[in-house]
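The values are calculated or read from the model by the stated rules, or taken from the named source; none is laboratory data. The model shown is predicted, which means the values in this text are computed figures rather than measured ones. We place every Cβ from the backbone using ideal geometry, glycine too, and count neighbours over all the protein chains shown.
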């Protein structure tokens, strides 16, 4: 069965079983029933928190506990059997897949959205553009006058891993690149240090927590020019949904829900929800790009 056919079937089940919302026993498990811990890459926490809230409000026999962690910590927990569902900004590697297959577990992976990694500056700094080459040079330890410091949320963050891979480096340079403790710290640091450029998932800007909302008017999202010869190298582009769809913004990544429960339990239902119409509409509202654009129905009435 193809992925689309499989998840269309599951989405149909979600609608059919919604009426069967009787209180389950502790032993009961199903795609809409049971408890599970969902590990989430903390750089995309806001949108997944929304998804979990809507899923649980619709299917009250499902109880999902959201645990935000750095990417390395998410992988470690999956491999140590301390979690069965993870939402990440990358798929499992061949080595990680082989680890599960040795245990006769076959992870089910669903791609459900495209995320953008935003670069931000204080509004007190007039510069509103940057190039991908400048970011790569700083990651390689080179001095870039226009970019004296690059600030990440966490040394184990998926955003750090993304730019290390892009710059083709194994370790962060000793100067010019700094790791704090959280996405909130990045927002606060940038507003207090105008020369710095912060790195964080665009969702933290589009859906800030009440605590972070006052910082958003104090920062600007930079437009980025891609490397020569790549899409988006003809100008400076911000991480808008249209630019993500046209592949013009350079710093993008796919988001995945990875289920290693080994059975059709509640993780399977949550994956289907993310990929289904309601989950995709939440993605669309969040500022990220859904994997499949939900259709718009236009009703035409005769006069």
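Matching residues to (1) at pLDDT 95 or above; (2) touching a helix residue (DSSP H, G or I) at 6+ places or on another chain (Cβ under 8 Å); (3) in a helix (DSSP H, G or I); (4) at positive phi:
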| residue | (1), (2), (3), (4) |
| --- | --- |
| 134 | yes, no, yes, no |
| 142 | yes, no, no, no |
| 154 | no, yes, no, no |
| 160 | yes, no, yes, no |
| 172 | yes, yes, no, no |
| 198 | yes, yes, no, no |
| 216 | yes, yes, yes, no |
| 224 | yes, yes, no, no |
| 231 | yes, no, no, no |
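Got at least one residue in the stretch 244-267 being crowded, with 22+ Cβ neighbours inside 10 Å, in a helix (DSSP H, G or I) and assigned by TED's automatic domain parsing to the domain that holds residue 85? Among the residues of the stretch 244-267, at least one is crowded, with 22+ Cβ neighbours inside 10 Å, in a helix (DSSP H, G or I) and assigned by TED's automatic domain parsing to the domain that holds residue 85, which makes the answer yes. Based on what the data block shows, is residue 187 closer than 16 Å to residue 134 by Cβ, in contact with a helix residue (DSSP H, G or I) (Cβ under 7 Å, 6 or more places away or on another chain) and not assigned by TED's automatic domain parsing to the domain that holds residue 68? Spelling it out, it is not the case that residue 187 is closer than 16 Å to residue 134 by Cβ, in contact with a helix residue (DSSP H, G or I) (Cβ under 7 Å, 6 or more places away or on another chain) and not assigned by TED's automatic domain parsing to the domain that holds residue 68. For the stretch 47-82, a tally of residues being part of a loop (DSSP other than H, G, I, E, B) and buried (at least 20 other Cβ atoms within 10 Å of the Cβ) returns 2.
Could you tell me which numbered condition residue 184 fails, if it satisfies all but one of (1) surrounded by fewer than 16 Cβ atoms within 10 Å (Cβ to Cβ); (2) modelled with pLDDT under 95? It is condition (1) that residue 184 fails. Do you know which of the residues in the stretch 211-236 that are without any contact (Cβ under 8 Å) to a residue 60 or more places away in the chain and under 20 Å from the mean Cα position of the chain (by Cα) is nearest to residue 119 (Cα to Cα)? Within the stretch 211-236, the match that is nearest to residue 119 (Cα to Cα) is 216.
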